[in-house]
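Student: Please see the structure below; I have some questions.
Values in this text are rule-based calculations from the coordinates and carry no lab data. Bear in mind the structure is a predicted one, so any value in this text is a computation, not a measurement. Counting neighbours? That spans all protein chains shown, and the Cβs are built from the backbone with ideal geometry, glycine included.
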Amino acid sequence: MEYWFTLLRYQNRNRSIHQNSVYKQKQVFLIYFTGCGTTITFHPTDCLIFLVGTEEGNIYKCSTAYASLYLTTYEAHHMPVYKVDYNKFYPDIFISCSADWRVKIWEDKRR
């Protein structure tokens, strides 16, 4: 599900006198908006990798090396994700729980 919101309104007032009138130009910038992060956890062995659970129910695998890219997107739940955590003994396994009353176990390298 994608949403577009008008988050920033910018008004540029070019005042030019033409027949005793003032002309105004108005510009609106649209910024893409995704759901807010609700939980975050870092990989137990690789400090560059972390998971973010969101209000929209997705889990994003991210890296601190890439500021604007997701490594992987998991369409995990239908409601907000409350908690994501890695298995301390086998770091390729992680668990998520959500407001949809489900707990899911994921294997990262399987995708």
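Student: Can you tell me which residues in segment 86-99 are surrounded by 15 or more Cβ atoms within 10 Å (Cβ to Cβ) and within 20 Å of the chain's Cα centre (by Cα)?
Tutor: Matches in segment 86-99: TYR86, PHE94, SER96, CYS97, SER98.
Student: So, one more: List every residue pair whose Cβ atoms sit under 7 Å apart, with the two residues 6 or more apart in sequence or on different chains, where the first one lies in segment 64-93 and is closer than 21 Å to ASP46 by Cβ and the second, anywhere, is among the hydrophobic types (A, V, I, L, M, F, W, C) and surrounded by fewer than 15 Cβ atoms within 10 Å (Cβ to Cβ).
Tutor: Once the first residue is closer than 21 Å to ASP46 by Cβ and sits in segment 64-93, its partners that are among the hydrophobic types (A, V, I, L, M, F, W, C) and surrounded by fewer than 15 Cβ atoms within 10 Å (Cβ to Cβ) give THR64/LEU48; ALA65/LEU48; ASP85/ILE95; ILE93/ILE105.
Student: Hey, can you tell me all the residues within segment 75-89 that are closer than 22 Å to LEU48 by Cβ, out of contact with any Asp or Glu (no Cβ under 9 Å at 6 or more places or on another chain) and aromatic (Phe, Trp, Tyr)?
Tutor: PHE89
Student: Then there's this: Spot the failing condition for LYS61; the list is (1) of a type in the set (D, E, K, R); (2) touching a Phe, Trp or Tyr at 6+ places or on another chain (Cβ under 9 Å); (3) assigned to a loop (DSSP other than H, G, I, E, B), and only one is missed.
Tutor: So the condition that LYS61 fails would be (3).
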